[in-house]
Amino acid sequence: LSALLNPVSWKSPATQVWIAICLITISTWIMFLKGYLPSWFFAIQFIFWRLAYNVGIGFLLHTQSNGGNFVKFYEKHIASSPTYKALLETAVVFNPKETPYKIANYPTEFNAWMLFRFVVMVILANDLVAYFICVFVNWEAPNFFNPVDWVLYIVGFGLIIFAIWSKADAHRVIGDYAWYWGDFFFLLDKHLVFDGIFQMFPHPMYSVGYAFMYGSAMVTKSPTVFYASLFGHLAQLVFLVFVENPHIDKTYNVISEPTEEETLRDKILYGNEGGGYLEKNELVVIKNFDIFRSTDVTILVLLLYVFTFAFVLDVPTYIHVIHYFLWRLFYTFGIGSILRMQGSSQAWSSRFKTPQQAFENWKNVFNMTVVMVNTTFLVVAYKMFVWTSDIEMIQDSRFLFATIGACLIALNVYVTQGVYAAIGDFGYFYGDFFVEDIPRKLTYSGIYRYLNNPDSTLGFSWYYGLTLISGNMYMLPVVIATHILGKTFEYAVERPHMFERYGRNVRSVGGLRSEMRKKTQQLRKVVKEKKAEYEKSVQQLKERTVEKKKEYQNFKAKAQVKK
């Protein structure tokens, strides 16, 4: 956009070609208005450009990261051709105050990046243009007498404005170098930056930066736009997982030797040859299941009991709801009471010969409870599933709500994996309630950089997702009660222990809220400054008015004397 607004860039043949291709894409909208193209064509057009972005650019970046293929292509076909070199030099236009671009003045990697940027500009611009043409084609005039339309427009435009701000703030933080994937070609003396929007959300350009698509879907009220938006966002996340993240890990996450503290921690937790608190293949829910371990067999028997109770016996649905809440209440108050007493007086550990033996038995009880809570809820969701909903809005958009539910489940999977990656087996089993020898160090990394307790907030999103998929309005009270019990566990058990064990090291708010406070303070400061400027201007205007009034009175007095 800045290139289009800068007249200097208009001299570049690359910019002219870029604008021409965008105009061709825009012309398809005119052809639609003339009746030459059907509406479905524009969804296909957007998919084409989106695949050009995520598959095409993704392939170029992936091969460049792993083998430097784009630089090799540049050396073979561009650098060796005087014609192509001249075209590239005329295509790249710097600021008039800077030295004109000459290939000979820059390294090969930088020149290859300049060529790559032109390819990216064409594809990204047409991807965005094609999407908004698809939005305009599928837009329906709102009924402003309908309060639902008001809500959709307010929330929709709010998401669009937020997405624009998040993209702008992301560009402010990382600049053109990272925006155009410069670190795939050459490295500056830089580290990963967590500031602004990057302190609030993980990968903001690919996560909240796409909120404008969902906002557009709400404004248009078009299922076509929603599914096109969902496809575009999912394709971008695939691009992130298979192209960007591997390159980031390879480039910035350099594996270092473990510190003395980390070595001591591992020695205590895992022992030299057994005898520790943890095993390398701990049973976490059903991960690392081993049929030859007695605890794993117990979990299997319990699952068979639940499924028999659910699918073999003819049991009313409300019994399954009661069954679920018995396990949920046991988790909140039973497991919660054990942890509270353990944290205050080591009540659980005192009943066993060794701390290791106490923790081993605790792990079995805790993991069994987690499995039963989640399994019994799945049974409730299955039993309460209805394809024909009593709510007209849900019934009319049954597949749409099911899709949103699936997205919430996917969000929960991402959050759960992020939580487990950050805290590991030790955190999953609340190890710091039991193991006193571990150094008392609290770190906020991974998903905890943004939220203090993501597991008790976004970690419940799969419950709401299953509610939307079930299509049963009676699922909602069950989920709300579940979330309340989850937050009760957090505030009654986890928080007091955190403050007792880690004291001042406990962060009051997460990165998201911290940055929001920072932005709010900055906004207040700007408003205060503008208010002061306004009051100063008003005061100056009053003073000038008084002076002019005095001048007029003096002039009038002199005129009367002359008469």
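The values are calculated or read from the model by the stated rules, or taken from the named source; none is laboratory data. The shown structure was predicted, so the numbers you read here are calculated from the model rather than taken from an experiment. No Cβ is skipped: glycine too gets one built from the backbone with ideal geometry, and neighbour counts run over all protein chains shown. SASA here: full protein model, heavy atoms, side chains in, ligands and nucleic acids out. Shrake-Rupley method; radii C 1.70, N 1.55, O 1.52, S 1.80 Å.
Tabulated values for the structure
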{"quantity": "Verdict on residue 100 being modelled with pLDDT under 90 and either loosely packed, with under 11 Cβ neighbours inside 10 Å or in contact with an Asp or Glu (Cβ under 6 Å, 6 or more places away or on another chain) (or both)", "calculated": "no"}
{"quantity": "Complete set of residues in region 105-132 that are farther than 17 Å from residue 18 by Cβ and aliphatic (A, V, I, L, M)", "calculated": "112"}
{"quantity": "Restricting region 216-263 to residues that are assigned to a loop (DSSP other than H, G, I, E, B) and not hydrophobic (A, V, I, L, M, F, W, C), the residue that is farthest from residue 46 (Cα to Cα)", "calculated": "259"}
{"quantity": "Flag for residue 183 being open to solvent by 40 Å² or more (accessible area, probe 1.4 Å), part of a helix (DSSP H, G or I) and more than 25 Å from residue 214 (Cα to Cα)", "calculated": "no"}
{"quantity": "Unique match (being in contact with a Pro (Cβ under 7 Å, 6 or more places away or on another chain), more than 22 Å from residue 51 (Cβ to Cβ) and touching a residue at least 24 places away in the same chain (Cβ under 8 Å)) among 112, 91", "calculated": "91"}
{"quantity": "Sole residue being at pLDDT 90 or above, open to solvent by 40 Å² or more (accessible area, probe 1.4 Å), among the basic types (Lys, Arg) and in contact with a helix residue (DSSP H, G or I) (Cβ under 8 Å, 6 or more places away or on another chain), chosen from 383, 287", "calculated": "383"}
{"quantity": "Residues satisfying the stated conditions in region 315-336, i.e. within 34 Å of the chain's Cα centre (by Cα) and among the polar types (S, T, N, Q)", "calculated": "332"}
{"quantity": "Tally, over region 527-551, of residues that are under 39 Å from the mean Cα position of the chain (by Cα) and either open to solvent by 100 Å² or more (accessible area, probe 1.4 Å) or not small (Gly, Ala, Ser) (or both)", "calculated": "6"}
{"quantity": "Residue in region 552-559 that is among the charged types (D, E, K, R) and modelled with pLDDT of 75 or more present", "calculated": "no"}
{"quantity": "Residue match in region 505-519 (condition: touching a helix residue (DSSP H, G or I) at 6+ places or on another chain (Cβ under 6 Å), modelled with pLDDT of 85 or more and part of a helix (DSSP H, G or I))", "calculated": "no"}
{"quantity": "Residue in region 53-71 that is in a loop (DSSP other than H, G, I, E, B), without any contact (Cβ under 8 Å) to a residue 24 or more places away in the chain, more than 29 Å from residue 245 (Cβ to Cβ) and not hydrophobic (A, V, I, L, M, F, W, C) present", "calculated": "no"}
{"quantity": "Count of region 319-363 residues which are polar (S, T, N, Q) and either part of a loop (DSSP other than H, G, I, E, B) or within 26 Å of residue 481 (Cα to Cα) (or both)", "calculated": "4"}
{"quantity": "Conditions (1) within 31 Å of the chain's Cα centre (by Cα); (2) open to solvent by 70 Å² or more (accessible area, probe 1.4 Å); (3) without any contact (Cβ under 8 Å) to a residue 24 or more places away in the chain; number of the one not met by residue 177", "calculated": "(2)"}
{"quantity": "Close pairs from region 28-50: first over 19 Å from residue 217 (Cα atoms) and open to solvent by 50 Å² or more (accessible area, probe 1.4 Å), partner outside any helix (DSSP H, G or I) and hydrophobic (A, V, I, L, M, F, W, C), Cβ under 8 Å, at least 6 apart", "calculated": "31/37"}
{"quantity": "Any hit, region 267-274, residues being at negative phi, assigned to a helix (DSSP H, G or I), open to solvent by 70 Å² or more (accessible area, probe 1.4 Å) and at pLDDT below 90", "calculated": "yes"}
{"quantity": "Positions within region 331-365 being surrounded by 15 or more Cβ atoms within 10 Å (Cβ to Cβ) and aromatic (Phe, Trp, Tyr), in sequence order", "calculated": "331, 333, 348, 359, 362"}
{"quantity": "Residues located in region 194-227, provided they are touching a residue at least 24 places away in the same chain (Cβ under 8 Å) and charged (D, E, K, R)", "calculated": "221"}
{"quantity": "Residue tally, condition hydroxyl-bearing (Ser, Thr, Tyr), outside any helix (DSSP H, G or I) and open to solvent by less than 40 Å² (accessible area, probe 1.4 Å), over region 432-465", "calculated": "1"}
{"quantity": "Residues that are farther than 13 Å from residue 109 by Cα, among the small types (Gly, Ala, Ser) and open to solvent by less than 30 Å² (accessible area, probe 1.4 Å), drawn from region 68-95", "calculated": "81, 91"}
{"quantity": "Top-ranked residue of region 245-266 - restricted to ones that are of a type in the set (D, E, K, R) and in contact (Cβ under 8 Å) with a residue 12 or more places away in the chain, ranked as surrounded by the most Cβ atoms within 10 Å (Cβ to Cβ)", "calculated": "265"}
{"quantity": "Lone qualifier among 502, 474, 491 - being out of contact with any helix residue (DSSP H, G or I) (no Cβ under 8 Å at 6 or more places or on another chain), open to solvent by 40 Å² or more (accessible area, probe 1.4 Å), among the aromatic types (Phe, Trp, Tyr) and over 27 Å from residue 406 (Cα atoms)", "calculated": "491"}
{"quantity": "Neighbours by Cβ (under 6 Å, 6+ apart or cross-chain): first from region 144-171, over 14 Å from residue 210 (Cβ atoms); second not in a helix (DSSP H, G or I)", "calculated": "149/142; 149/143"}
{"quantity": "Boolean, residue 309 is modelled with pLDDT under 95 and open to solvent by less than 50 Å² (accessible area, probe 1.4 Å)", "calculated": "yes"}
{"quantity": "Residue 468 in a helix (DSSP H, G or I), free of Cβ contacts under 8 Å to residues at least 40 places away in the same chain and farther than 16 Å from residue 373 by Cα", "calculated": "no"}
